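The values are calculated or read from the model by the stated rules, or taken from the named source; none is laboratory data. Just so we're clear, the structure is a prediction, and the values are computed from it rather than from any experiment. Every residue, glycine as well, gets a Cβ built from its backbone with ideal geometry; the counts of neighbours run over all protein chains shown. Please note that ligands, DNA and RNA were not included when accessible areas were found on the heavy atoms of the full protein model with its side chains. Shrake-Rupley method; radii C 1.70, N 1.55, O 1.52, S 1.80 Å.
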Amino acid sequence: MSARAIAREALPGMPGFAANPKLGRMGSVSVKSLRYATSPLLASKTPPWRSRFVVLLVGVGFAVLLGRAAYVQIVATQFFQGQGEKRFVYTQTLPASRGRILDRNGLVLATSVALPTVKVDTKLFAAETAQRKAIARLLGMTLAEFDERLEPGGTVLLRRHVEEAAWTEIKALAQAHGLKGFVEEREYRRRYPEGEAAAHVVGYTDTDDVGRAGVELLLQQQLQGHKGQRTVVRDRLGRVVEDVGDIAMPRHGSDITLSIDSKIQFDAWKRARDAVIAHNAKAASVVVLDSATGEVLAMANYPGADPNKRGSHAASLLQNRAASDASEPGSTMKPFTIARALESKRVTPNTPIDTAPGRLVVTGTTITDAHPHGTLTVSEVLQKSSNVGTAKLALAMERQELWETYAALGLGQKPRIEFPHMATGKLRAWKSWRPTDHARVGFGYSASASVLQMARAYTVFARNGDIAPLTLIKRQPAEGDGVLTDAMAASRVVPGQPVFSASTALQVREMLRLAASPGGTAPDLQRLTLGYSVAGKTGTAKKMVGTEYADGKYRAWFVGLAPVSAPRIVVAVMVDEPRAGKYYAGDVAAPVFSQVVQNTLRSLNVAPDVDVKTQISAKPVPAELESL
């Protein structure tokens, strides 16, 4: 049967079927299609309420949208603007540079350098194991540490203060392999050009550029800058599109000029290091003062640490032991006792003192000399460093009188110089002194002081009786830098606190010159110090461990001044626990003093006051001078 016959039979009453010529030619039209086309559901009329309901739904939807738009644009404007700003508006911090620390000649001791801080957006970053390993190596991390940093997701911090060379390699690697998501920010990091040599003075900062020791801590307020900020619009990749609002520019920190001379500081540190190595010592400290101005030219310690290498050393290694540690100074205290005896007119330089038989018993305690000498003049008591002679002079004075002398020299109190963790030292109240303390304090026991305190105390002999006020900041105006005549040096003297008369100071200075010459406790010192006259005192003090003096443990001291004719500098040296056979200060500390004096005075362009040819012809130059 044909399709037409089937259709006519299936739809016998459908009007227009036979009359439609086109339909008559639908030989290939399926019966199923015709059946769907004539469904009663399609032929019936839609009820009017349906169309009205649809229109109502559309109207309600439009009203809801209109209400929502009004709520967003009018009622909750601030909330939605804030949410938008959180996603696209960013307040960018503008880092401020920390002020530089300069030496007295303008050379940089500490400065700040802007280095990349590297972050990565984990949504964009995708790298193979080999690539991640290479990036981790450039950042100074292991692969495990690198992957751990990525775990939180989002934009994560990889490493702060990345070196420029490493960051350049990372960018090249990312470009070569199509790695995305790296974000660079700039932060300042402190650099210390002098490294370990000046570390104990300059100090160091932490990773947030906050001072933690030394001048960095002391002058934190002046050195630190104040950060600025700007508001920017960023795209979805974190790139800045435009600035929004005003920019608050950063205010950089102030530069600080210290009294330290970096050349003298390095030489003092080098000599301290050499002494520790040569004598297998525990530590050494050297302080150099300008006696006229009280400026600290050098304050060096060894061992120490490089402040450029954070986290690789203990903080205690950067503690300035020359200022923070106090110990018994031994015989370097004797000049003060003798000066008080001279000042009180009890004795003269030629007054004889009986030191035989080299021992003195005071309330059951025996005071001894290293070598018995018999009768000595007061000058010889200091030259030979007689404990017995000095103890007798101390006992001849009232306790209060002796205590007041030491207190006037700054012992038992912090030096009036701003520096963190300054040592006070020990000087007990005179009323508590027993007879043994009264005698022993006269030659450097039962009292303690730092190397800096002893250096300052000796300025009383370099300045004709008054003690210098110390400073770590270069004094202004800086007259006389360069070649100094005696008149120029005198004009630079900063007023100090009188302690002794000028005549007493000159008498003791001459005694100190004898102590540094043949017949004294440092007999080779003047011969070793080419070109300059020197004066000073040795001190070989037993080291106290706990509450007892340890056998075989000593501290070797030497404190002195140069040149004797017109003192320009005071140098104090302390070598802690020399263990290579020699421990007397004349063998251990005095050579360090000699080397520092020569190099310092040459650096300051101070004219020699001793004929070098005479010194050399008097005795062959020792091997240790060949390197000078």
Inset, instruction - Answer yes if at least one residue in the range 185-192 is in contact with a helix residue (DSSP H, G or I) (Cβ under 8 Å, 6 or more places away or on another chain), open to solvent by less than 50 Å² (accessible area, probe 1.4 Å) and not acidic (Asp, Glu), and no otherwise. - result: yes
Inset, instruction - Determine whether ALA69 is outside any loop (DSSP other than H, G, I, E, B) and either at pLDDT 55 or above or open to solvent by less than 100 Å² (accessible area, probe 1.4 Å) (or both). - result: yes
Inset, instruction - Would you point out which residue out of HIS279, HIS371 is in contact (Cβ under 8 Å) with a residue 40 or more places away in the chain and not hydroxyl-bearing (Ser, Thr, Tyr)? - result: HIS279
Inset, instruction - Can you work out which of the residues in the range 397-419 that are of a type in the set (D, E, K, R) and either touching a helix residue (DSSP H, G or I) at 6+ places or on another chain (Cβ under 7 Å) or in contact (Cβ under 8 Å) with a residue 40 or more places away in the chain (or both) is farthest from ALA457 (Cα to Cα)? - result: ARG399
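From LYS345, LYS309, LYS384, which residue is open to solvent by 50 Å² or more (accessible area, probe 1.4 Å) and in contact with an Asp or Glu (Cβ under 9 Å, 6 or more places away or on another chain)? It would help to see each step written out before you state the result.
Numbers: LYS345 fails: in contact with an Asp or Glu (Cβ under 9 Å, 6 or more places away or on another chain); LYS309 fails: in contact with an Asp or Glu (Cβ under 9 Å, 6 or more places away or on another chain).
Exactly one residue qualifies, and that residue is LYS384.
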Inset, instruction - Mind checking which helices (runs of 4 or more DSSP H) fall wholly inside the range 386-445 and carry at least 3 residues that are in contact with a Gly (Cβ under 9 Å, 6 or more places away or on another chain)? - result: 387-395, 399-408
Inset, instruction - Would you mind telling me which numbered condition in (1) open to solvent by 30 Å² or more (accessible area, probe 1.4 Å); (2) modelled with pLDDT of 90 or more; (3) farther than 30 Å from LEU258 by Cα; (4) in contact with a strand residue (DSSP E or B) (Cβ under 9 Å, 6 or more places away or on another chain) GLU196 fails? - result: (3)
Legend entry - In the range 295-305, the residues that are touching a helix residue (DSSP H, G or I) at 6+ places or on another chain (Cβ under 7 Å) and buried (at least 24 other Cβ atoms within 10 Å of the Cβ): LEU297, ALA298, MET299, ALA300, ASN301, TYR302
Inset, instruction - Can you confirm whether the range 172-181 contains a residue that is within 19 Å of ARG251 (Cα to Cα), modelled with pLDDT of 90 or more, open to solvent by 10 Å² or more (accessible area, probe 1.4 Å) and out of contact with any strand residue (DSSP E or B) (no Cβ under 8 Å at 6 or more places or on another chain)? - result: no
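Does GLN229 qualify as being open to solvent by 80 Å² or more (accessible area, probe 1.4 Å) and at pLDDT 90 or above?
no
Per-residue answers, yes or no, for (1) under 28 Å from the mean Cα position of the chain (by Cα); (2) among the basic types (Lys, Arg); (3) at pLDDT below 95; (4) open to solvent by 10 Å² or more (accessible area, probe 1.4 Å):
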| position | (1), (2), (3), (4) |
| --- | --- |
| ALA550 | no, no, yes, yes |
| VAL570 | yes, no, no, no |
| MET574 | yes, no, no, yes |
| VAL588 | no, no, no, no |
| GLN598 | no, no, no, no |
